[in-house]
Amino acid sequence: MKKITLVLFFFPLILLSQEIVKTSNYFDELTVEEKRIIVNKGTEKAGTGIYNNHFNEGTYICKACNNPLFKSNSKFKSDCGWPAFDDAIKGSISRYADFSFGIKRIEICCSNCNGHLGHVFEGERFTEKNIRHCVNSLSIKFINNKQ
């Protein structure tokens, strides 16, 4: 009876463990291309990401550590070539000044693993919030609300 109770107790935890936020070894399971973007601060080619025109209900999480980053209701069609969000989950994103390419931009990274997500732009008037988090599809994963 104890074995059955233990199995019933731990089975749901085992099933959910794939999406639990990681606390270490963030980048071990990434592909070479994912590491180029997330670790080495690269950018995927515009219009090629799987989440560019993806509008299902759910949550977008960090590909490296599973930290929840964006709710689907903050995603909007910007026609910029990358997924765009006008709001992040509170505390999920860190911002850094980025002077690469000779211009000042604001880089956004996951606040848990510091993996590169993309850049944030303000003042473009795409949405009422007037902000666009421009994110590489390879930096995120989607979790459907219906799971």
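The values are calculated or read from the model by the stated rules, or taken from the named source; none is laboratory data. Note that the coordinates shown come from a computational prediction; the quantities given were computed from them, not determined experimentally. No Cβ is skipped: glycine too gets one built from the backbone with ideal geometry, and neighbour counts run over all protein chains shown.
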Regarding residue 116, is this residue in contact with a helix residue (DSSP H, G or I) (Cβ under 7 Å, 6 or more places away or on another chain) and of a type outside the set (Val, Ile, Thr)? yes
Have a look at 63, 75 and point out the one that is modelled with pLDDT of 95 or more and more than 15 Å from residue 41 (Cα to Cα). 75
Answer from 98, 86 - the residue that is surrounded by fewer than 17 Cβ atoms within 10 Å (Cβ to Cβ), farther than 16 Å from residue 19 by Cβ and acidic (Asp, Glu): 98
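Table: residues versus (1) more than 23 Å from the chain's Cα centre (by Cα); (2) at pLDDT below 95; (3) assigned to a helix (DSSP H, G or I).
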position	(1), (2), (3)
6	yes, yes, yes
18	no, yes, yes
21	no, yes, no
30	no, no, no
35	no, no, yes
40	no, no, no
44	no, no, no
Are any of the residues in the range 98-112 part of a loop (DSSP other than H, G, I, E, B), farther than 18 Å from residue 45 by Cα, in contact (Cβ under 8 Å) with a residue 60 or more places away in the chain and touching a strand residue (DSSP E or B) at 6+ places or on another chain (Cβ under 9 Å)? yes
Residue hits (the range 108-119; closer than 21 Å to residue 58 by Cα and surrounded by fewer than 23 Cβ atoms within 10 Å (Cβ to Cβ)) are 109, 111, 112
Of everything in the range 127-141, what is crowded, with 17+ Cβ neighbours inside 10 Å and of a type outside the set (D, E, K, R)? Give them in sequence order. 131, 133, 134, 135, 136, 137, 138, 139, 140
Does residue 118 meet the test of being modelled with pLDDT of 95 or more, out of contact with any His (no Cβ under 6 Å at 6 or more places or on another chain), under 19 Å from residue 33 (Cα atoms) and in a strand (DSSP E or B)? yes
